[in-house]
Structures are given as C-alpha cells and as structure tokens.
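This report concerns only the one structure given below.
Quick note: the coordinates plus some simple rules give every number you see, no bench work behind them. Remember, predicted model here, so these are calculated numbers, not experimental data. All Cβ positions, glycine included, derive from the backbone under ideal geometry; neighbour counts span all protein chains shown.
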Amino acid sequence: MPSIIQIAFAFEALINLPAIIALLFNPSATIKPFLASPLPSVEVNDTAILLARCVGIFILTLTPQLLLAYPDNEDCVGKRRLVYWTLGAGEAGLIPLFLWEAFRSSDEAKAAGIWAGGFSRQSALMCVANLLWPIAWRIFVFGWKPEWFAAGAKNNKDKKHE
C-alpha cells in the first residue's frame, strides 16, 4: 500500500495531465476565458499562445520529477524534498505575481473606468486560489509531517508497535 506522500505525488502528476494537454494542443481556448477583455470575439494573439505552450512545457518537465520521487526506497528522501521545494518555490513566486495582476491598473484606465490587466481580476484571483492548496500542503508536510519524506515511513511506525 503506498504511503500518503506517494499518493500525493501520484495525484499531483495525474492532475497535471489535462493542463499539459490543453496548454500544448489547444492554448487559445484554454487561456481565452482568463482574458480581461469583455469582448467575446477577442482573439488570443500569437504571443499569448506561445507563452501558454511554454507553461505547458514547464508543467510537462516538472511532472516526471513527481513520478521519480514516487518509489519507496532510500534514494527517495532527497528527491521528494527537492521536488517539493522546487514546486513550492514556483508556487510562492506565482502567487504574488497573480495578486499583482489582479489588483494592478493604470491611472489612465482607472480614470476611464476600465480594467487594464492582461487577466481579468476574477481569473487572476482564481489562479491564486488554485495555487494556495498545493503550497499549503507543502508547508504542512515540511512543517508538521517531514517524516513522510522518508522511505518506508508508514512501515517504520508499524514496526514500532510490534
């Protein structure tokens, strides 16, 4: 039976797959709902499509790291910690970026009563919300359950009770 941390690594890798597929193969439809423009006919430009595909590639390159840290052996402890630090650092960088995006607006736009961000405020805040649960999980594991990183962590507890 896999440990809690192994289940977490497998779950995170699994939920990355739809994002990877959508960002690489249908980036325009994936990012269009996030745009700040109120016009439904607005087209996503080529730069936005390229950046969406770049994000898809980054998610694709990080996902195997989750799977490499899945096995339960002596080598896994360092891998698991490194993967969680790397992903946590990325999330910690993205959260303030999306918050800035949610609340920025130029003086001219404010005077005209329009929104000047690239994402709508609601979309940027939704991105923050989607990043909060994984970073909260990483903080919980690092702060309160670091023993979960160890190989055979659940088995060691069972042996102590014998």
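The 3J(HN,Hα) values that the Karplus relation (6.51, -1.76, 1.60; θ = phi - 60°) gives for the range 58-69 are, in residue order, 4, 5, 4, 6, 7, 4, x, 4, 4, 6, 5, 8 Hz. Gly and Pro appear as x. Between beta-carbons, use under 10 Å as the cut-off and find the net charge around L87, counting Lys and Arg +1, Asp and Glu -1. Taking every Cβ under 10 Å from that of L87, the sum is -1.
Placing unit charges on the Cβ atoms of the charged side chains and taking the dipole of the range 4-149 about its Cα centre, the candidate lying farthest along the positive direction among L24, A10, S120 is S120.
For a Förster distance of 25 Å, can you work out the FRET efficiency between the beta-carbons of A92 and A151, rounded to the nearest 0.05? E(calc), rounded to 0.05, equals 0.40.
When its C-alpha radius of gyration is set against 2.2 N^0.38 Å (N residues), the range 4-149 gives a value of 1.23.
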